[in-house]
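Worksheet: one structure, shown below.
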Amino acid sequence: MHVITTPSMPKANGHYSQCIAHHGILYLSGQLPIDPISKNIPATIEEQTDLTLQKIEVILKEAGSSKNNILQTRVYIADVALWAQVNDRYALFFGDHKPARCIVPVPTLHYGCLIEIEATAVLPDAVGLQSRS
């Protein structure tokens with residue numbers, strides 16, 4: 001098990017790691033839509049979804065992977081009525097790539113955020129190993 005951290009990754013705000021690598025799999029902690037520099041939270045669910053996915057992309061890039069190597073996401077939303085907007089932004093972000101996904105409506109999220117996303121991805125070197133199995 002290896003903790004991956006770089007100066008370009010968003011800083012963890014608690015007792016957790018942003019990214020753990022283990023046997024070619026990357027486990028990303030849940031990301032909230034808080035701008036890492038300004039600490040602002042966008043107003044709309046579309047903006048919050050975009051920011052959250054962008055933060056995931058930064059972490060993956062820093063870990064040596066990409067959004068196309070995401071295996072699964074868990075999306076927590078503050079209201080199931082937001083599902084359609086989240087799904088639209090999610091589809092724009094991923095394009096043809098369709099990771100396994102779970103959407104979980106929750107009553108509240110930290111800091112009043114409307115969305116939180118966690119992800120599991122594979123490192124590119126591990127993709128070749130897996131396809132030979």
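Summary table
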item: Lone unmet requirement of (1) open to solvent by 60 Å² or more (accessible area, probe 1.4 Å); (2) more than 19 Å from LEU26 (Cβ to Cβ); (3) out of contact with any strand residue (DSSP E or B) (no Cβ under 7 Å at 6 or more places or on another chain); (4) modelled with pLDDT of 95 or more for GLY95; result: (1)
item: Residue within the stretch 30-44 that is under 13 Å from the mean Cα position of the chain (by Cα) and open to solvent by 60 Å² or more (accessible area, probe 1.4 Å) present; result: no
item: Near pairs, Cβ below 9 angstrom, 6+ apart or cross-chain, from the stretch 60-87 (farther than 15 Å from PRO33 by Cβ and in a helix (DSSP H, G or I)) to any residue that is open to solvent by 40 Å² or more (accessible area, probe 1.4 Å) and of a type in the set (S, T, N, Q); result: LEU60/SER66; LYS61/SER8; GLU62/THR5; GLU62/SER8
item: Residues being surrounded by 12 or more Cβ atoms within 10 Å (Cβ to Cβ), assigned to a strand (DSSP E or B) and out of contact with any Gly (no Cβ under 8 Å at 6 or more places or on another chain) - total across the stretch 98-121; result: 7
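The values are calculated or read from the model by the stated rules, or taken from the named source; none is laboratory data. On a predicted model such as this, the values are computed, not experimentally measured, just so you know. Virtual Cβ from ideal backbone geometry, glycine too; neighbours counted across all protein chains shown. Note: accessible area is taken over every heavy atom of the protein model, side chains too, but ligands, DNA and RNA are not part of it. Shrake-Rupley method; radii C 1.70, N 1.55, O 1.52, S 1.80 Å.
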